[in-house]
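Before any comments, here is the structure.
All of the numbers you see were taken from the coordinates with simple rules; none came from a lab. As the structure is a prediction and not an experimental result, all values here were calculated from the model. Here the Cβ positions follow ideal geometry from the backbone for every residue, glycine too, while neighbour counts run over all protein chains shown.
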Amino acid sequence: MTRRELSPDVLASRTSDDDLDRSIEGSVAQASVMWLLHHGLEVAQDRGESLEQQIVQFSSAVFDAIGTSYPVLRNAGQERLWLIYFKGLLTANTHPHEEMASALRNIASRSGFGGLPPRSKRPGETAKPVAGRTSDVEALKQIARALGPYSSSFEI
């Protein structure tokens, strides 16, 4: 059987891990840049929308761009696209880390996937934001774990 005789599904399954890793890394960077540009416009226009609303409303533009730029990710599934988008948003660093992570947890919860579980509390601890990069690093680790085998080249 020659390469021309293979079905598109078989050819797609032979995509190398390196190509997939490069596509994921590139799509994270693309989502980050798109969000930076979008956030700059939102600040200038100040529509009064919550961060969660902005993230959800802008997601389809990012998903379309990822599918166009990285064909290997066209069939990645909605949850994986959200997780790639989430990592891009965290990478963009446009909001305090805990504010962004909280918005992403809420969106993930409403969307029905567990990419970002609620921040756990120690016994007797009240829920309050943690300053610094600790929450961001943990969120990125959770995203990388959720991406599973597709995240082998992510450095966190």
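Averaged over residues, the count of other Cβ atoms within 10 Å places the peptides 98-108, 28-38, 63-73, 81-91 in the sequence 81-91, 98-108, 28-38, 63-73, highest first. Shown here is the pair-distance distribution of region 33-111: with all Cα-Cα distances grouped in 10 Å bins from zero up to the longest one, the shares run 17, 54, 26, 3 percent.
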